[in-house]
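Q: Pasting a structure below so you can have a look.
The values are calculated or read from the model by the stated rules, or taken from the named source; none is laboratory data. Keep in mind that what you see is a predicted model, and the values were worked out from it rather than measured. Please note: Cβ atoms are built from the backbone with ideal geometry, for glycine as well, and neighbour counts cover all protein chains shown. Calculation scope for accessible area: heavy atoms of the full protein, side chains included, ligands and nucleic acids excluded. Shrake-Rupley method; radii C 1.70, N 1.55, O 1.52, S 1.80 Å.
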Amino acid sequence: SLLLVAADGWVAGVDRLRSPNADARPPEARVSLIVIHNISLPPGCYGSGHVERLFLNQLDGGTDGFLARVAGARVSAHFYIDRSGRCIQFVSCLDRAWHAGASEFRGRQRCNDFSVGIELEGSDFEPFTDAQYVSLNALLHALTSAYPLEAVAGHSDIATDRKTDPGPFFEWGRLRVSP
């Protein structure tokens, strides 16, 4: 299905949950980078709804040690694609989502200022689903049609000393759109 980025930075045709973990991009910042991540909470557990609740500041750490450690994190991505291929948008592409942390790409610091973050439900330890690649490619097509993108990179490419995602099982060759 054809996805389109509207003038307000929201993509028609995907689910929407508005995260508070975002703010305005610097005035001179233009979207030029896509950053691909993986996430699962707890690691390797899928379909729990924990990722959505994390991005909405509604995650209850409860008795799970890992969830308790991350429950207070103030993070979000622009998009999250679950194992079934469902895409949820949390932040307008016009705004800065808090996904990359300390980062650098081609000599530019603070990648959140000029990137769109896409989280794939997954881990560094198993392949992503066919449905995720279909959804990701549709989303990338919409984003490359709307913004002057220079690159698609992994979180590991912009935070090499601290991040490994999207991980060794992410198949870069399955991407059908490249800037």
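Q: Treating only the Cβ atoms of Lys and Arg (+1) and Asp and Glu (-1) as charged, compute the dipole magnitude of the chain about its Cα centre; round to the nearest 20 debye. Don't skip to the answer; put the middle values down first.
A: On the way: 17 positive and 21 negative charges, 62 e Å.
About 300 debye.
Q: Sticking with this one: Where does the charge balance sit around ASN112 when Lys and Arg score +1, Asp and Glu -1, over other residues with C-beta under 13 Å from its C-beta?
A: +1
Q: Separate question: Among 95-108, 31-44, how do they line up from the highest to the lowest mean number of other beta-carbon atoms within 10 Å?
A: Going by the mean number of other Cβ atoms within 10 Å, highest first, we get 31-44, 95-108.
Q: Hey, another quick one. Rolling a 1.4 angstrom probe over the protein heavy atoms, how many square angstrom per residue are accessible across segment 1-133? If you can, show how the numbers build up before the last one.
A: Values: 5940 Å² over 133 residues.
That works out to 45 Å² per residue.
Q: Moving on to the next point. Please figure out what share of the DSSP beta bridges in segment 36-179 is antiparallel and state it in percent, rounded to the nearest 5.
A: Taking every DSSP beta bridge within segment 36-179, about 40 percent pair in antiparallel fashion.
Q: Please state, as a whole number in µm²/s, the translational diffusion coefficient that the Stokes-Einstein equation yields for the chain at 37 °C and 0.692 mPa s, with Rh defined as the Kirkwood radius across alpha carbon pairs.
A: Approximately 203 µm²/s, per Stokes-Einstein.
Q: Rank GLY101, VAL152, ILE81 by how far each Cα sits towards the positive end of the charge dipole of segment 68-179 (+1 on Lys, Arg Cβ; -1 on Asp, Glu Cβ) and give me just the farthest.
A: After comparing all options, I get GLY101.
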